[in-house]
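Shown next, in structure tokens, is the structure this report addresses.
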Amino acid sequence: MPRAHVLLLNPALGPLDYRADREHAVEPGSVVLAPLGPRQMVGVVWEEESLPSADQVGDNRLRPLLGVYDVPPIQAPLRRLIEWTSNYYLAPPAAVLRMALPSSSALDGSRTITEYRATGVAPDRMTPQREQALDRIGQRQGLIRELATITDVSEAVIRGLVKTGAIEAVTVSIDTPWSSPDPDHAPPDLSDEQQLAAGMITDAVKAREFHPFLLDGVTGSGKTEVYFEAIAEALRQDRQVLVLLPEIALTEPFLKRFEARFGHLPVAWHSELRQSQRRRAWRGLAIGDAKVVVGARSALFLPYRDLGLIIVDEAHETSFKQEDGVLYHARDVAVMRAKLEAIPVVLASATPAIETRQQAAIGRYTELKLTARHGAAEMPEIIAIDLLQEPPPRGRWIAPSLVKAMAERIERKEQSLLFLNRRGYAPLTLCRSCGHRFQCPNCTAWMVEHRLLQRLQCHHCGHNMPPPRACPECKEEDALVACGPGVERIADEVAALFPDARVVIATSDTLNTPARAAEFVERMEAGDVDVVVGTQLITKGYHFPELTLVGVIDADLGLSGGDLRAAERSFQQIAQVAGRAGRGEKPGTVYIQTHSPGAPVIQALLSGDVASFYEAETEARRMADAPPFGRFAAIIVSSEKLDDATSAARLIGRSAPRVDGMHVFGPAPAPLAMLRGRHRQRLLVHARRSLDVQDVMREWLGALEWPRSVRVAVDVDPYSF
Ligand code: ADP
Ligand code: ZN
């Protein structure tokens, strides 16, 4: 009797066996519906040998499958990727599989979906909730649940508005085909350097074999144009392309640029998509009619019909590291997917990670260099401002020479960008009278004042409250003072210095939707902005030709973290933000405010001798046997009960096996000792690269038990060490 070995979408379960009757012809990869207790669940048929069951059920006790979905089977390379990811990151295979499949409703036969939108007709009875909903819906359309979320009202409010006719149902077809981008729509003339790099990648696309590239080009050198050529080649071969971007905010400008080059939009994939958009995209790429997908990390696990090329743009970005659920690094998984699919992968960056540089140095990745900016644009001039020599006036953060440079730019109608990686108005609020500091009740973190929102906010759990007038500790009134600057405070300073300047704050608070990000780009391009004050969100990808001045408010901020990655991260951030200056015909200047102008990071930026800086950093990693040489894995033990967390962490520490080439540090309080109300302890496992540390950890942790309140998460290749 035919058995079907099925991996269900339930992370708590391993694969289960079912009976596949004749009308349910299945093969590995088939997407099926199976009974589970009294319920039904979606799953994928898997090879028994690659994911064995814990225990075999006799033939006579098998339950029959309920059905097979009419969607293309999950192909073997993706099944292998799911297994690899699950093994490498110690995550349940079903948790990884979830990222490959849409919700079950999207799999059924229906080719339409019902969405809702405002009609413009006023409801017979208006309530504040209804008013808020209609106000915020605007031109938007979506499921009832989606509209409720966007407008911050309950679903019942939206349903009530449907009854009164203020909102109507519309039927959306998810079968509208995708138009194919045209590889020859508007190709640019490439420079010799670009041509050489593009030729190498297109050859690899033609060869249809695994080939990792590091496209290492200075900011503004035209890396995008280079990988566009490779995309064009994949399109000519009628194959699909995945482009991974680090932030949703970058999708919008990318779509425009892609459309200009290829005549049609690519398919976007990110968390902000509506259900109907998601279903249409999923079907399109699964049947192969959607050719180019641009997306966030999660697009990596989608079931492309015939993937021919993967691009990871801004490949050094930390946001490629997933810090929730399955803790994977999208850059590394992208390379693995390319290997399993036997296709080229391009990691593009002006500031590649040491891990990536090392792969190039030992010849695993082919390095392609772009050393000059495109056209007439020159690399910006970089100037350090020693804050000890030239301090800003009391209560201000912009040094006089930077103020002067800004004045000149405003005069010439050019744009300036001030960079400070701190959202909000001030990072800390304290009471002048008793010294009380506002701390988040759920996290080891200060409450950050957001003056625009009139809230104190925790940046880790979202807890927020209105700023009180009186100190909760000593009851003194009007004694609370903001300490230190955030972007809002810098924006205030700019407004005070230049009352007529048009100032925009660019952070994840202000550019939090694709529409807002697009509006920001439009205003910049139209010359409606004089000064941008922004966080790391603004450091990458953007191309504004009239932006000629960048000021780094506090270059020492990133170095305070103290982990082995601090100098590298700091260099990347400043080099990236500096890279926004002078990308057009006008030359750019970058001012870096620092208390330690002699620090290696600052010296590397000033001298342009990046190679020596990286050599020293790489050497420091080698001495510490840190990545890319040795490896780390963090074990985070958390519980709402402090005692449970510490005793479970101690138990794990005590039971660590003695293995040659492995060393366990801790437990100690994790960097965020309390997060969202959970106490966190961390153990750091250090291992020789040749050791299969995952295997050791599986056995070690698998043999232990801890109280139900305790959660244990393993972070393989953690970002900080
Ligand atoms: P990077 O991604 O390396 O920072 P971009 O690809 O954004 O650089 O290129 C910088 C600017 O130069 C963009 O406006 C881009 O359109 C332009 N550019 C780059 N290469 C060419 C080319 N060969 N022909 C015309 N414009 C180009
Ligand atoms: Zn918090």
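Close lysine pairs were tallied over the chain: pairs 8 or more places apart or on different chains with Cα atoms under 22 Å apart number 19.
How large is the charge dipole for the chain, taken about the Cα centre, if only the Cβ atoms of Lys, Arg (+1) and Asp, Glu (-1) carry charge, to the nearest 20 debye? Working shown, then result.
Numbers: 82 positive and 91 negative charges, 353 e Å.
Using only the charged Cβ atoms, the result is roughly 1700 debye.
At q = 0.16 Å⁻¹, what base-10 log of I(q)/I(0) does the Debye formula yield for segment 253-340 when every alpha carbon is treated as an equal point scatterer in vacuo? One equal scatterer on each Cα of segment 253-340 leads to -0.70. The dipole here belongs to segment 245-339: it is taken about the Cα centre, uses +1 on the Cβ of Lys and Arg and -1 on the Cβ of Asp and Glu, and is about 440 debye.
Using packing as a proxy for protection, rank 78-90, 333-345 so that the peptide with the highest average count of other Cβ atoms within 10 Å comes first. Mind showing how you got there, number by number?
On the way: 78-90: 20.5, 333-345: 22.5.
Descending mean neighbour count gives 333-345, 78-90.
Between the listed residues Ala20, Cys483, Pro181, the Cα displaced farthest toward the positive end of the dipole of the chain, a dipole computed from Cβ unit charges relative to the Cα centre, is found at Ala20. The P(r) of the chain has a tail past 52 Å containing 13 percent of all C-alpha pairs. Mind checking which of Gly435, Leu452, Pro466 is farthest towards the positive end of segment 428-483's charge dipole, using Cβ charges of +1 (Lys, Arg) and -1 (Asp, Glu) about the Cα centre? Of the listed residues, the answer is Leu452.
Applying a 4.7 Å cutoff between beta carbons, the unpaired cysteines of the chain are Cys461, Cys483.
Where in segment 440-455 does the amide nitrogen come within less than 13 Å of the point 7 Å from the Cα of Ala496, taken along Cα to Cβ? Of the residues in segment 440-455, none has backbone N under 13 Å from the label point off Ala496.
The magnitude of the dipole of segment 630-716, with charges of +1 and -1 set on the Cβ of Lys/Arg and Asp/Glu and taken from the Cα centre, is near 220 debye. The helix-based estimate of mean residue ellipticity at 222 nm for the chain, built from -39,500 (n - 2.57) per DSSP H run of four or more residues and divided by its residue count, is -9000 deg cm²/dmol to the nearest 500.
For the chain, give the share of DSSP beta bridges that are antiparallel, in percent and rounded to the nearest 5; count only bridges with both residues there. Around 55 percent antiparallel, to the nearest 5.
Given segment 3-101, what whole percent of its Cα pairs are spread farther than 18 Å?
Working: 1949 of 4851 pairs.
Roughly 40 percent, once rounded to a whole number.
Between the residues Ile592, Thr539, Ile636, the greatest Cα displacement towards the positive end of the dipole of segment 536-648, with unit charges on the Cβ of Lys, Arg, Asp and Glu, is found for Thr539.
Want the number for Arg698 to Glu259: 0.36 nm per residue separation, take away the alpha-carbon distance, what's left? Could you put the intermediate results ahead of the total?
Working: separation 439, 0.36 × 439 = 158.04 nm, distance 4.68 nm.
That pair, Arg698 and Glu259, stretches by 153.4 nm at full extension.
Distant-in-sequence amide contacts of Trp269, defined by a placed amide H-H separation under 5 Å and a gap of 5 or more residues or a different chain, comprise Val294, Gly295, Ala296.
Here, segment 192-370 is characterised by an Rg to Rh ratio of 0.93, where Rg is the alpha-carbon radius of gyration and Rh the Kirkwood radius.
Ranked highest first by average number of other Cβ atoms within 10 Å, how do 222-235, 313-326 line up?
Details: 222-235: 23.6, 313-326: 18.6.
Top to bottom by mean Cβ count within 10 Å: 222-235, 313-326.
Counted by Cβ distance under 15 Å from Asp108, the other residues give a net charge of +3, where Lys and Arg count +1 and Asp and Glu count -1.
May I ask for the Kirkwood hydrodynamic radius of segment 291-370, worked out over all distinct Cα pairs and given in angstroms to one decimal? Could the numbers behind the result be given before it?
Numbers: mean 1/r = 0.0748 Å⁻¹.
Taking every pair of different Cα atoms in segment 291-370, averaging 1/r and inverting gives 13.4 Å.
Summing charges over all other residues whose Cβ lies under 10 Å from the Cβ of Leu547, with Lys and Arg as +1 and Asp and Glu as -1, gives +2.
I need the semi-axes of the equivalent ellipsoid of segment 630-716: take the C-alpha gyration tensor, multiply each eigenvalue by 5, square-root it, list largest first in whole angstrom.
22, 13, 10
What the pair-distance distribution of segment 428-483 shows, using all Cα-Cα distances binned every 10 Å from zero, is 28, 56, 16 percent. Estimated at 0.36 nm per residue, the fully extended path between Phe210 and Asp478 surpasses their Cα-Cα distance by 90.1 nm.
Here, each number is a calculation from the coordinates, and none is a lab measurement. Remember, predicted model here, so these are calculated numbers, not experimental data. Ideal geometry is used to build each Cβ from the backbone, glycine not excepted, and the neighbour counts take in all protein chains shown.
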